[in-house]
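Notes to accompany the following structure.
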Amino acid sequence: MNASFLTALFASGMRQGVPLIYGSVGDCVSEKAGVVGICIEGEIIFGAFFSYLFALRSGNLWLGVLMGAIAGMISSLLVAAWSIYFKQDQSIIGIMFNIFAAGFTNFLNRKIFGVSIASEKIETFKPIKIPGLSEIPVIGEVFFNQDILTYLSIVLAVITLLVMKKTKLGLQMLAVGENPKAAQASGVQVQRYRLIAYMFCGFTAGLAGASLTLSTVGSFTEVISAGRGFICLAIVILARWNPVVACIAGFGFGSIQALQLRLQIMGSVVPHQFFIALPYLITLVVLIVAGHNIRAPKELGVPFDKESR
Amino acid sequence: MITKKGLQRIGILLLAVLTAMLAGAVIILLSGANPLTAYYSMLVKPMTSLGNIGGVFIHFIPLLLIGIGVSFTFHAKLNNLGGQGQMLMGALGMTLIGIPPIGEALGAFSLPVGFLVAMIFGAFWAAIAGFMKTRFGASEIVVTLMLNYIAVQAINYILFYHLRTDGEIRSPRIVKMLPKLFEGTRITWGVVIALVLVVVYAIVMAKTKFGFNLRTVGGSIKAAKYSGINTKLYYFLSMAISGAFCGIAGAAQISGNTRRLTESTAGDYGFSGIVVAMLGSLHPVGLVIASFLMALLTSGSSMMQTDTGIPESFTQVLQALIVLFILMGMAISDGKVKRRKGGKEK
């Protein structure tokens, strides 16, 4: 294990972490407003498919990113309708939505691109060297020689944190998750804020999907998200609902993924299946270790009914 | 006797299935096929020959067993998304007992022993999630899902390094298979096992203290909140029992259908089982009907793909839509959707 190995490992870890960062930033917000992001997995799949479709057909990566984010947001409206308007259990809706998302994108994929397994590759986003900063040894290569979606994910996390902590919108959002009845009594439209939370989370999950296809993989494969939406949920717990800490955790998980990929190729005495399972095992460990003594938003996952007392 | 409330529920379920099929028809139309032909291939064709009906029952068995398993957790207001992993573990248990040398040594006994081991394996895999839920407060949704991915890799490892056969990543064949219920069809005694277990489920939920307490924990019986039931114990048990049933599904799949273990033995049954439990409203008879319908959809989807070019994954879309429309129907009938005066919806 020399320096160049580690540099390459963490640089790749940062790239692998980007979808996780987008997903968990969105989930931080939605959980603060009392909405569990079970549906993120499905929104990532939608985002991944539509960003790939539009980027491939138009030849414009940015149009792909935009359409991916919009697809994630529009699909979140479906979840929001069932959760906010029909006041049903968020878990069941999320589970069904994920099945729907996987089925529907597979359906469209087969319909539009045919049944061939090897899908067309697109040119992914190129790394941009940040002048000056990228010259720093190791750190420069890891954090300042990445593509634009990586930088945007960090900017998004910082802005989200500021909005959550410093603005009226953010504080009202917190109130909606902590004590919706009091919030409602003081004139905050609980349902409207939860809708915004859903849409924001859908938007970022869509970006997560776009970053998967347009900056990591370069093509769409069925069930491309591979549980990342759920890893995001664990990251949010680990980060104590703080978007910037979630960035660091996302980078950590990305690095585990990168390490896993490298160890598979290098070959070792440990069977490769163990490495593939590693990110999922770590997620379980995180839930055990980080799940202690935490205070989740009080009304997390509870449908809000104005009329109920 | 069916109560008024029960009748209303049945009405909602039927309406939900019809609405989902209508929505599905729109999707089929938009993709340029004829919905009638598609639905004919999907729903009627699987029943037109004895061979095809056998194919439906192949899916019926695991769907019903996982549906029962998931129902146990639903009663406690928990979600078991780990059907796939637990079924794989059960399948592994049956395979280890069924293949030579143990399978040869045990002969016909390898079947009951295999089912028992499968049950324990499945229960163990789900119990991890139950333990993490009760001990650490970890979301059982995330944990069971992670355990699916881990189970797939564990099975792959065992197949790759220990059970590999003829150079392929699959286990040897098990020695004894479940006998056929009707000679010349693919319908095995697995159907009887699954139906007997539905009866067991019905009795446990309706007649035993365990069933009563489980429903109390899930909150479907009010005013029992302070009755001193050990909630955590019931959370744990419901999860483990759920896994046991999924494990049995794995054993039934190996000994009644595939004869050997592969990575894809569990298919999509884990998630379809959730749909079965929802559509069946956790009611024993409902579960049987729902799993038959889902088996029909699963079995018919490949015929539909051949006949009309509609991809098989359409089934998943339809399944999800059915449950979503059930939830919508329940919301409306429970009065959760308020209407303003003058009939304008708000």
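Residue-wise test of (1) of a type in the set (Gly, Ala, Ser); (2) away from chain B (no Cβ under 14 Å); (3) within 27 Å of A:TYR280 (Cβ to Cβ); (4) touching a helix residue (DSSP H, G or I) at 6+ places or on another chain (Cβ under 9 Å).
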| site | (1), (2), (3), (4) |
| --- | --- |
| A:THR204 | no, yes, yes, yes |
| A:GLY209 | yes, yes, yes, yes |
| A:GLY218 | yes, yes, yes, yes |
| A:GLY229 | yes, no, yes, yes |
| A:LEU238 | no, no, yes, yes |
**OP:** Kindly provide the set of residues from region B:20-41 that are away from chain A (no Cβ under 14 Å) and buried (at least 17 other Cβ atoms within 10 Å of the Cβ), ordered by number.
**Re:** B:MET21, B:PRO35, B:TYR39, B:TYR40, B:SER41
**OP:** Within region B:169-192, identify whether any single residue is assigned to a helix (DSSP H, G or I) and farther than 18 Å from B:ALA118 by Cα, and answer yes or no.
**Re:** no
Original post:
Restricting the first residue to region B:309-336 and requiring it to be facing chain A (nearest Cβ under 7 Å) and part of a loop (DSSP other than H, G, I, E, B), which pairs with a second residue that is small (Gly, Ala, Ser) and crowded, with 19+ Cβ neighbours inside 10 Å meet a Cβ separation below 8 Å and a spacing of at least six or different chains?
Top reply: B:SER313/A:ALA102; B:SER313/A:GLY103
Original post:
Can you name the residue in region B:130-154 that is more than 7 Å from chain A (Cβ to nearest Cβ), at pLDDT 90 or above and under 20 Å from the mean Cα position of the chain (by Cα) and, of all such residues, is surrounded by the most Cβ atoms within 10 Å (Cβ to Cβ)?
Top reply: B:THR144
**OP:** Could you tell me whether B:SER299 is within 21 Å of B:VAL200 (Cβ to Cβ), surrounded by 20 or more Cβ atoms within 10 Å (Cβ to Cβ) and more than 14 Å from every other protein chain (Cβ to nearest Cβ)?
**Re:** no
**OP:** Output the number of residues of region A:287-296 satisfying the condition of being more than 9 Å from chain B (Cβ to nearest Cβ) and modelled with pLDDT of 75 or more.
**Re:** 1
**OP:** Could you please tell me which pairs satisfy a Cβ distance under 6 Å, a separation of 6+ or placement on different chains, a first residue in region A:144-165 that is without any contact (Cβ under 8 Å) to a residue 12 or more places away in the chain, and a second residue that is among the small types (Gly, Ala, Ser)?
**Re:** A:VAL163/A:GLY170
Original post:
Only one of (1) at pLDDT below 90; (2) outside any helix (DSSP H, G or I); (3) out of contact with any strand residue (DSSP E or B) (no Cβ under 9 Å at 6 or more places or on another chain) fails for B:LEU261. Which number is that?
Top reply: (1)
Original post:
Considering A:LEU63, A:LEU77, A:LEU9, A:LEU56, which residue is modelled with pLDDT under 85, surrounded by fewer than 24 Cβ atoms within 10 Å (Cβ to Cβ), aliphatic (A, V, I, L, M) and part of a helix (DSSP H, G or I)?
Top reply: A:LEU9
**OP:** Kindly indicate which of B:ILE241, B:ILE274, B:ILE248 is touching a Gly at 6+ places or on another chain (Cβ under 7 Å) and modelled with pLDDT of 90 or more.
**Re:** B:ILE248
Subject >> Residue that is surrounded by the fewest Cβ atoms within 10 Å (Cβ to Cβ) [pool: residues in region B:159-210 that are free of Cβ contacts under 8 Å to residues at least 24 places away in the same chain and within 20 Å of the chain's Cα centre (by Cα)] >> reply: B:VAL196
Subject >> Subset of region A:86-115 [farther than 14 Å from B:GLN319 by Cα, facing another protein chain (nearest Cβ under 7 Å) and in contact (Cβ under 8 Å) with a residue 40 or more places away in the chain] >> reply: A:LYS87, A:GLN88, A:SER91, A:ASN106
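The values are calculated or read from the model by the stated rules, or taken from the named source; none is laboratory data. Only a predicted model underlies this, so the values are computations on that prediction, with no experimental measurement involved. Heads up, the Cβs are rebuilt from the backbone with ideal geometry, glycines too, and the neighbour counts pull from every protein chain shown.
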